[in-house]
Amino acid sequence: MKSRTLWIAVFGGIVALGLGTAVVTAFVTDDGGPSASSTSTTSSSVSDTFDLPIGLEKDTLALAKHQRELLVGLAAQRGGPLEVAVVRGDTPLGSDAVRVSVDGRDVTTESCGTGCSRAQAAVLQGQPSRVTVSAGSAPVSFQLPPSLPASGQSAFDRARRTMAALRSYRFTERLTSGGPIVFSRLAVHAPDRLSLRTNSGFRSVIIGRKRWDYQDGRWQEGPFPGLNAREVLMWYAARNPRVVRRLPNGDVQLTAYGLKPVPAWFRLTVEPSGRVAEAEMTAPAHFMLHRYSDFDNGPAIRPPQ
């Protein structure tokens, strides 16, 4: 039976959690049935998928969207440059395959590395701008604000402190590479316990350096490189957060870019308390949404019987 790999990195930071050695991968078969396995890999192949030279520079706004398997991400600075990374699945698209327009007018681009196109566009200079990227499919558009949004570093730092200090919490995960969707429910208990169950029935429990997977009607125990509950927060190492929206209830929405667990764009909704209500990660062939709940009220996680 033909299978389609979905790099499920379940609990978000699993690439980091496995320290590049044990990555949980889910396979969705043609009839929708799942299986799970461990595979040896590192994030280097993902890191090489695209370049974004100004992505980590100060005073940069980073945004991303996806259209099925097509990822379009950008980094913009006041008055330019504007860098656009385009990746279809795991395949980066060069400048010759990408068209960029600003406010309806095509702009000249040059290569800024693998899968990266750079334009000297007058953005974030007092007027809102609409950036549209076309790559052989329906165009993907971004509405840029008149100026560089305020730094969200204080809200982001508060979120890091608050979430890392939790004893326990739950979250749901929606993960796709642009095709089938895997839904998972996860529970985390500091310092090193996690349990998960996917909508297809796959279950796993991790406690420190041990892992149990439910397969063939029974629990199977195996080793795990080690779990740090903080690293389950896939957005934890993001950089240069910007405030893109303030909600009436006091929540703020942040966007950021980072290289861990893989190069990706992030969007977070942070409550006044510092708790993160929702986090989104957009990376090549990896589009993930987490919704957090039951803060310090999660279930006990014990070795399965």
Sole residue being open to solvent by 30 Å² or more (accessible area, probe 1.4 Å), in a loop (DSSP other than H, G, I, E, B), at pLDDT 95 or above and not aliphatic (A, V, I, L, M), chosen from Ser154, Ser147
Ser147
Here is a check on your reading of the model: is Val100 closer than 25 Å to Gln67 by Cα, buried (at least 21 other Cβ atoms within 10 Å of the Cβ) and of a type in the set (A, V, I, L, M)?
yes
With at positive phi and open to solvent by less than 40 Å² (accessible area, probe 1.4 Å) as the only criterion, which of Gly179, Gly208 stands out?
Gly208
Among the residues of region 158-176, which ones are outside any strand (DSSP E or B), closer than 26 Å to Pro284 by Cα and open to solvent by 10 Å² or more (accessible area, probe 1.4 Å)?
Arg160
Collect the residues in region 212-239 that are open to solvent by 40 Å² or more (accessible area, probe 1.4 Å) and more than 30 Å from Gly201 (Cα to Cα), keeping them in residue-number order.
Ala237, Arg239
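Residue by residue, here is whether (1) at positive phi; (2) more than 22 Å from the chain's Cα centre (by Cα); (3) among the small types (Gly, Ala, Ser) holds:
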position	(1), (2), (3)
Arg78	no, yes, no
Arg88	no, no, no
Gly104	yes, yes, yes
Ser141	no, no, yes
Phe156	no, no, no
Arg160	no, no, no
Phe171	no, no, no
Is it true that Val188 is at pLDDT 95 or above, in a strand (DSSP E or B), surrounded by 15 or more Cβ atoms within 10 Å (Cβ to Cβ) and more than 22 Å from the chain's Cα centre (by Cα)?
no
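Residue-wise test of (1) part of a loop (DSSP other than H, G, I, E, B); (2) open to solvent by less than 20 Å² (accessible area, probe 1.4 Å); (3) at pLDDT below 95; (4) farther than 18 Å from Ala62 by Cβ.
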site	(1), (2), (3), (4)
Thr255	no, yes, no, no
Phe266	no, yes, no, no
Gly274	yes, yes, no, yes
Arg291	no, no, no, yes
Phe295	yes, no, no, yes
Only one of these conditions is not met by Asp59: (1) within 26 Å of Lys260 (Cα to Cα); (2) open to solvent by less than 60 Å² (accessible area, probe 1.4 Å). Which number is it?
(2)
Quick one: in region 25-55, of everything that is at pLDDT 95 or above and open to solvent by 50 Å² or more (accessible area, probe 1.4 Å), which residue is farthest from Ala283 (Cα to Cα)?
Pro53
Tell me, please, whether a residue that is crowded, with 17+ Cβ neighbours inside 10 Å and farther than 22 Å from Ala264 by Cβ can be found in region 104-117.
yes
Quick check on Leu259: is it under 28 Å from Cys116 (Cβ atoms) and open to solvent by less than 10 Å² (accessible area, probe 1.4 Å)?
no
Test: residue in region 75-98 that is charged (D, E, K, R), in a loop (DSSP other than H, G, I, E, B) and either under 27 Å from Leu194 (Cα atoms) or at pLDDT below 50 (or both):
no
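The values are calculated or read from the model by the stated rules, or taken from the named source; none is laboratory data. Only a predicted model underlies this, so the values are computations on that prediction, with no experimental measurement involved. Cβ: placed from backbone, ideal geometry, glycine included. Neighbour counts: every protein chain shown. Accessible surface areas use protein heavy atoms only, side chains included; no ligands, DNA or RNA. Shrake-Rupley method; radii C 1.70, N 1.55, O 1.52, S 1.80 Å.
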